[in-house]
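So the structure is just underneath, and the comments pick up after that.
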2 protein chains.
Amino acid sequence: MEQNTKQSNCIGIVGLGLIGGSLGLDLQSLGWTVHGLTHRQLTVNKAKERKLAQVISTDPKILSNCSLVIIALPLAELLKPEPELINALPKSAVITDVGSVKTPVLKVWRKLHPRFIGSHPMAGTAKAGVEAGTKNLFNQRPWISTPEESTDNEALEIVHQLALSLGSQWITAKAEMHDQAVALISHLPVLVSAALLKTIRNEENSSLLALAKDLASSGFADTTRVGGGNPKLGTAMMSNNTAEILRAITSYRSSLEAIEKIILREQWKELESELEKTQAIRPDFV
Amino acid sequence: MEQNTKQSNCIGIVGLGLIGGSLGLDLQSLGWTVHGLTHRQLTVNKAKERKLAQVISTDPKILSNCSLVIIALPLAELLKPEPELINALPKSAVITDVGSVKTPVLKVWRKLHPRFIGSHPMAGTAKAGVEAGTKNLFNQRPWISTPEESTDNEALEIVHQLALSLGSQWITAKAEMHDQAVALISHLPVLVSAALLKTIRNEENSSLLALAKDLASSGFADTTRVGGGNPKLGTAMMSNNTAEILRAITSYRSSLEAIEKIILREQWKELESELEKTQAIRPDFV
């Protein structure tokens, strides 16, 4: 990305958790001056220790000189931004976010700022909070942007170049399509995986559970990883993408019931053929 | 394990795939003479190249001098053993298997040999076949044995020492309990994961699928890993542990429906509390 923009060499990041902190580290390496805004003084101190930005404060005024502001808040706060934050965003700056659903974000933000660009960098680790930020998190990861008719094309191009400079793979899609795709590929796996853990939790035979504990292997660990993740993040996904998730669950239930029926009827050739098809499709998605 | 037994220093392995081949490599390192029996001459040649055993042949007679024979055949062949194999097993030898379900195995084998011990070493990789065997596969992995009233205790102790010598964690359980536990912890995840891949395969909107492909990340990869595994192995699991698997699916379906209901009612506090519980239980199983 061209680092000497017309306006300033300053990028603002609101929220210095996993995504915000990681952006801060990489953008400084790329030569930007990063101003990081956080809620609490404790976070300011920790973020300073970790050098997540050059300027770190709880005062929204630090954004006033930034030509680009990335809002890396949790979804709930992104969707109900504080008036102090909105007022502190320079009118001429490009504003973007990192939220994992896009329709509700655009619904709020297209009214709040004329140069808002919906973004979803799809990167993550199991960690969260000010200790979580890490270098190179976005490298070779998809960065989806969801422009609409009213989108400022110059602003879009600035976010595009930002994503490329971080090594991300730039993808644009309609917000609705994005939300359907993440429901299927990201939110549904969380529920499928959580339901597996809930099944174990519901088992009442304690000696069976004790044996199951001893026997659980990497297959169980992998299948339950996302279902055992951050409960607040999971809830935010589901509460903000509800319609698409319910559609995905319905589709999933009918897939599972079809497999159950094959087993119930002991149609083993058909089961093998089903498992061959699931085996064949997976490499396209990993 | 005491290597100079009363009878011989020879261990027979029937089948030199992932489990049989891995056993061959480790047992030779421990000082045993390993005789490997395979079906086809092509496998004999490959197994010789890989030094999976000292003596490798398609002739069951090579088992005649062995004090211990491990039957490491696929489940279908283990449950319908060829008469030539049964006749070749020394009556005084200890016989054990590596099958992933135990009730049907005992049903067949307790009649076939007086010193049969049901075993399930829970180790594996994604590979199969004569190229798959690898050293140290069983180290720190559970080795479940399922003795019953009629079991020869001396034979059980010989298999126990074998498992310990390979670094395995020895567990004994009733065959029924074993099969219920693996249904829950190992077979159910395969189906849950396969149903997720089937849901993707059923999606008719091709541009949505193309976007989903671009966005799929490690969460999707992990949750679908076991569902995208070996179709023959998956089918063998389901066809030989059907009743327990159907019980596990029923329980899973009601867990999933409970979560779906919470989302449908938009009870977000309750969803977060559910996800906290699933998060809390997982560390016990990984």
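All of the numbers you see were taken from the coordinates with simple rules; none came from a lab. Since this is a predicted model, take the numbers as computed values, not measurements. Backbone-built Cβ (ideal geometry, glycine too); neighbour counts: all protein chains shown.
Observations on the structure shown:
- Qualifying GluC sites (Glu not before Pro) in region A:148-230, where qualification requires a DSSP coil assignment and no more than 13 other C-beta atoms within 10 Å, comprise A:Glu148, A:Glu149, A:Glu204.
- Whole-percent pair-distance distribution, where bins are 10 Å wide, for the alpha carbons of region B:231-286: 20, 32, 32, 15, 1
- For peptides A:158-170, B:67-79, sequence by mean Cβ density within 10 Å, most packed first: B:67-79, A:158-170
- Directionally averaged projected area (convex hull, Cα atoms, region A:177-285), nm²: 8.6 nm²
- Rg/Rg_ref, the protein assembly as shown, where Rg_ref = 2.2 N^0.38 Å and atoms are Cα: 1.15
- Anisotropy class of region A:43-161 from Cα gyration tensor, a/c 1.5 cut: oblate
- Computed on the Cα atoms alone, the convex hull of chain A gives a volume of 155 cubic angstrom per residue.
- Across peptide B:245-256, the mean count of Cβ atoms from other chains lying within 10 Å of each residue's own Cβ comes to 5.
- Shape index of region A:1-77: Rg/Rh, with Rg the Cα radius of gyration and Rh the Kirkwood radius from the inverse mean 1/r over Cα pairs, equals 0.94.
- Placing +1 on the Cβ of every Lys and Arg and -1 on the Cβ of every Asp and Glu, with nothing else charged, gives region A:10-173 a dipole about its Cα centre of roughly 360 debye.
- For peptide A:270-277, the mean count of partner chain Cβ atoms within 10 Å of a residue's Cβ comes to 6.
- Over 20 Å apart at the Cα level, from the set A:Lys261/B:Lys107; A:Lys91/A:Lys111; A:Lys48/A:Lys102, are A:Lys261/B:Lys107; A:Lys48/A:Lys102.
- Estimated Rh, region A:57-102: Kirkwood, alpha-carbon pairs, angstrom: 11.1 Å
- Relative to the longest principal axis of the Cα atoms of chain B, helix B:153-165 runs at roughly 70 degrees.
- Peptide A:135-145 shows a mean partner chain C-beta count of 1 within 10 Å per residue C-beta.
- For region A:208-286, trypsin sites (Lys or Arg not before Pro) meeting the loop criterion (DSSP other than H, G, I, E, B) and having at most 15 other Cβ atoms within 10 Å: A:Arg265.
- Spatial offset of region B:229-259 relative to region A:53-103 amounts to 47 Å, using the alpha carbon center of each.
- Taking the centroid of alpha carbons for each part, region B:182-226 and region A:119-183 are 23 Å apart.
- Chain B, closest residue to the rotation axis toward A, by beta-carbon, whole angstrom: B:Asp222, 2
- Ranked by how many other Cβ atoms sit within 10 Å of their own Cβ, fewest first, the residues A:Ser254, A:Ser119 fall in the order A:Ser254, A:Ser119.
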